[in-house]
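Coordinate-derived values only; no laboratory data. In this text the structure is predicted, and so the values were computed from the model without any measurement. Cβ sites come from the backbone with ideal geometry, for glycine too, and all protein chains shown count toward neighbours.
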Amino acid sequence: MQCSDALPLIHEYLDGDLEGADAVELKKHLLACPACNKLFKQMEQTEACIRLLPKTPVPSDLTARIMGNIPAKKKRREGWLKWLRTHPALSVASVFLLVMATSFLSLWDQDRDMVVKGASLDQVVIQGDTVIIPQGHTVQGDLTVKRGKVQVDGNVEGNVTVIDGSYNLASTAYISGHVNSVDQTLEWIWYKVNEVFSWVTP
Ligand SMILES: [Zn+2]
């Protein structure tokens, strides 16, 4: 048992809630670990002192006074800024998404040329704005084409992603993965978000 595991068990033990295997494990640790043993003794003494204190009766109207001091639920609609202040974690997430979306949008606006991404681009032929995978050629891994046309006559051992473009699969085409066609900026952002999340959570 680790010291960090022992501390909550000491609390439970002093509260009289610890039984069975946990109690045995705690006793073993206290015998083996001088630091926790000391802490245990100190807490036990503190508990004993508290128990010796005279008991003060609770005023009979205590519940009513506490309940009376709880502010009534506000009916007014909370402002956006107030919401941000009370949900700091969500605010960070929305700002993050906003920044991400903005940077994707600016990327989108900046480059207008065709982009081809893949592991084995020696297997493809590029003619103008068309990426051709000729018959008999095999692209190993994923192929991504942005702002272009894809003509698959050969094989792709992976996924084909076409962003803001088009694709044509010949009868001889073989694609082991999926063909994704993403045509609009928003869809593309959504696609990137999904990609980021599938990358974060394997
Ligand atoms: Zn310990």
Kindly put 137, 11 in sequence by how many other C-beta atoms sit within 10 Å of each C-beta, fewest to most. 11, 137
Using the 10 angstrom Cβ neighbour count as an exposure proxy, how do 122, 5 rank, fewest first? 122, 5
Once you list every other residue whose beta carbon is under 10 Å from the beta carbon of residue 132, what net charge do they have if Lys and Arg are +1 and Asp and Glu are -1? 0
Applying a 10 Å radius around every beta-carbon, put 125-136, 168-179 in order of their mean neighbour count, most first. 125-136, 168-179
For the stretch 3-52, shape from the Cα gyration tensor axes a ≥ b ≥ c, cut at a/c of 1.5 then a/b versus b/c, turns out oblate
